[in-house]
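The values are calculated or read from the model by the stated rules, or taken from the named source; none is laboratory data. Not measured: the values here are computed from a predicted model. Here the Cβ positions follow ideal geometry from the backbone for every residue, glycine too, while neighbour counts run over all protein chains shown.
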Amino acid sequence: MHRFPAALAFLLVPLMACVGTGPHPVAAERGAPTYEDSPIGEQLEAAARAIDAIVSRPVAERTFENSVKAIDDLQARTFMESRMTTFMGDVSPDAETRATGREASADLSNWFDELYKNHALYEVLLGFEPLLGELEPLDALYLSTLLRDYRRNGMGLKAEDRARLLEIDRSLTDLGIEFRAAISDDETVVFFTPEESRGVPQRYLDNIPQAGGLYKVSLKGAAPGYYFSYCEVPASRQKLSLSYGLRAGSPNVTRLERMLSLRAEQARILGYESFAHFQTETRMSQHPDKVNAFYDDLRPKLRRKALADLEEYTAAKREHTGDPDAQLYAWDISFYRNSLLRDKYAVDTQLVREYFPMAAVTQGMFDVYQDLFGIRFTKVDQQAWHADVTFYQVHDQQTGDLLGEFYLDLHPRPGKYSHAAQFPLTVRKRWMNGELTLPRVALVCNFTKPTATQPSLMTHDEVETYFHEFGHCLHSILTEVELYEFAGTSVARDFVEAPSQMLENWVWRAEVLGRFARHYETGEPLPAAVIAGMVAAKNLGSGLNTEGQVYLGMYDFAYHSDPSGEVDTTAVREAVYAETRLFPVIENLHAQASFGHLVGYEASYYGYLWSLVYASDMFSRFEAEGIMNPQTARDYRRTVLARGGTVPALQMVTEFLGRGPNADAFLKHLGLN
């Protein structure tokens, strides 16, 4: 029920927490908490005063600007003025600052919950509802969106139901922050002897801390990937995999199951059959039946490819081990994918890394996006939260106008957000006084750190991730929308990944890799034969890998489709695993405890594959017209990236393609055609 616009909710799971208004008459009548001691108390007090100004204004003096658009100003200002404090909860190197940031995130999220349960504000909006047919289209869209979301927060219900919804929101906020903090703070280390590490290249082992002659492999950062990809000892890969399945501990299972119960109760109070029904109502999918139909259509096609992958990988394992009866397990996939890349496609992933030093990849990526979208990146000296962080401005090449700014925070460290995401810090916003705030975002990733003797060297998978996440950055910065509600990535949640997924395709093209893939010592380009092998192997294991995505999406959706909300999350996850994967179920793990998307992407993880249908179809136009065709890219910038959430996603895709979308390119992308 957290009600951040998608631009802020997107991959911003830490913000899905709490926020309170501080003392203000309307909230106080409902027993709302005060926030005098909050890290963002000053901002919340200012927000409370702004709310009071709106609701206390005499009806005769109310205008659309001072009573409706004022809410957009209010949300934008409260978010942006609190943002750096809350953001530090995910990136600060100081534990105390992170704790303060998490507290601030809770307060901010609670404040948003209060805002969308403020009945006096809702009554102000109702006064403008009769004018919907007379308003300018964007104003009408904004008002109808506000009214819809206030009703989805229970404003049409009786007072006791509204009060219970508010209690639920506060509980979900606290549980969500605790759930994600347990993942971020998990410091599990798996110890391996040198023999157990056999096959891992020594240059990688040299970067792993040791204790008593044992390698201390943290489950954060690049070290686990070294073992999964190169370790010759199956038991070591198994031990690492099982450790992953136990991260964050059983307390997080308890938190999750409590959240599922509360979300289901929310849905019931609001009149929905399940939380999945509530979530999909405002998405492209619109109804759980469409999500289930999507999986029902995809899975048989995918299973044929997965069975072929299993046969190919199993044959590789049997040849490698000399055991004609050897069985393939999930923890074997990376190792035998590596083996097949090397032996079948002449792609040595260890050597390929040497052609992707991070500095060259960054500059190459910048060059590609500058050429495509007619923009320019300029590095600017600016102090940030850590010495590793760099800062850039983005200008339009044609006009010279500043469009926005971004930070790059690319290496792991203790307590830092452990995956890859874009975090909005400010959002493009035209204020009522005419001033314009430009977007500023942070790209937070966890790529290998440089050493004293070697720069940061990236795997090709990491290069793909980098292009993807930077695509979100561009989506935020290249928006032309001036309402906070619809700016940047404020699109349907099951479409928000599509623009970035589309841009992943560039790292599979020889003409793009040829721009920046250079050996970090010799400067020699990545050999054409290796690029050809990588492209030929693009769909190696795609069936098995995509079934992994189906598994995650389906168990998330199953959790939230239960009307009762009383879910044995381990039993449901194991049942979905047995249904969707080709490997035996390992019992008594609790992988759901470390699945961070269950807070912020709840009942929404299906969107990664759903949006890939549209991403693949949009890329088909670039394939037809030239992947570095600037006219096609400018058309894409204008039709999709610039419009934020002001136009339905399906309409944007249709206009860009010049036809209705279809799944042909998606099936081709997965190698299923």
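At a glance:
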read-out	value
Number of the exception - Glu273 against (1) out of contact with any Pro (no Cβ under 7 Å at 6 or more places or on another chain); (2) under 18 Å from Asp556 (Cα atoms)	(1)
So Gln454, is it polar (S, T, N, Q) and within 30 Å of Gly645 (Cα to Cα)	no
Verdict on Asp161 being at pLDDT below 95, part of a helix (DSSP H, G or I) and not basic (Lys, Arg)	no
Residue that is surrounded by the most Cβ atoms within 10 Å (Cβ to Cβ) [pool: residues in region 269-290 that are among the aliphatic types (A, V, I, L, M) and in contact with a helix residue (DSSP H, G or I) (Cβ under 6 Å, 6 or more places away or on another chain)]	Ala276
Residues of region 410-444 that turn out to be buried (at least 18 other Cβ atoms within 10 Å of the Cβ), over 16 Å from the mean Cα position of the chain (by Cα) and farther than 13 Å from Thr479 by Cβ, as a count	3
First in region 221-236 and touching a residue at least 60 places away in the same chain (Cβ under 8 Å), second anywhere and acidic (Asp, Glu) and surrounded by 18 or more Cβ atoms within 10 Å (Cβ to Cβ), Cβ under 8 Å, 6 or more apart	Cys231/Glu196; Pro234/Asp332
Test: residue in region 596-612 that is surrounded by fewer than 22 Cβ atoms within 10 Å (Cβ to Cβ), among the aliphatic types (A, V, I, L, M) and either part of a helix (DSSP H, G or I) or in contact with a Pro (Cβ under 6 Å, 6 or more places away or on another chain) (or both)	no
Output for region 30-66, where each listed residue is on the phi < 0 side of the Ramachandran plot, exposed (fewer than 14 other Cβ atoms within 10 Å of the Cβ) and modelled with pLDDT under 95	Glu36, Asp37
Enumerated helices (runs of 4 or more DSSP H) restricted to region 270-364, each holding at least 1 residues that are of a type in the set (Phe, Trp, Tyr) and touching a Lys or Arg at 6+ places or on another chain (Cβ under 7 Å)	275-280, 333-344
Residue match in region 482-491 (condition: surrounded by fewer than 24 Cβ atoms within 10 Å (Cβ to Cβ) and touching a strand residue (DSSP E or B) at 6+ places or on another chain (Cβ under 9 Å))	yes
Some residue of region 617-630 being in contact (Cβ under 8 Å) with a residue 40 or more places away in the chain and of a type in the set (Ser, Thr, Tyr)	yes
Candidates Leu141, Leu172 - the one that is under 27 Å from the mean Cα position of the chain (by Cα) and farther than 14 Å from Gln266 by Cβ	Leu141
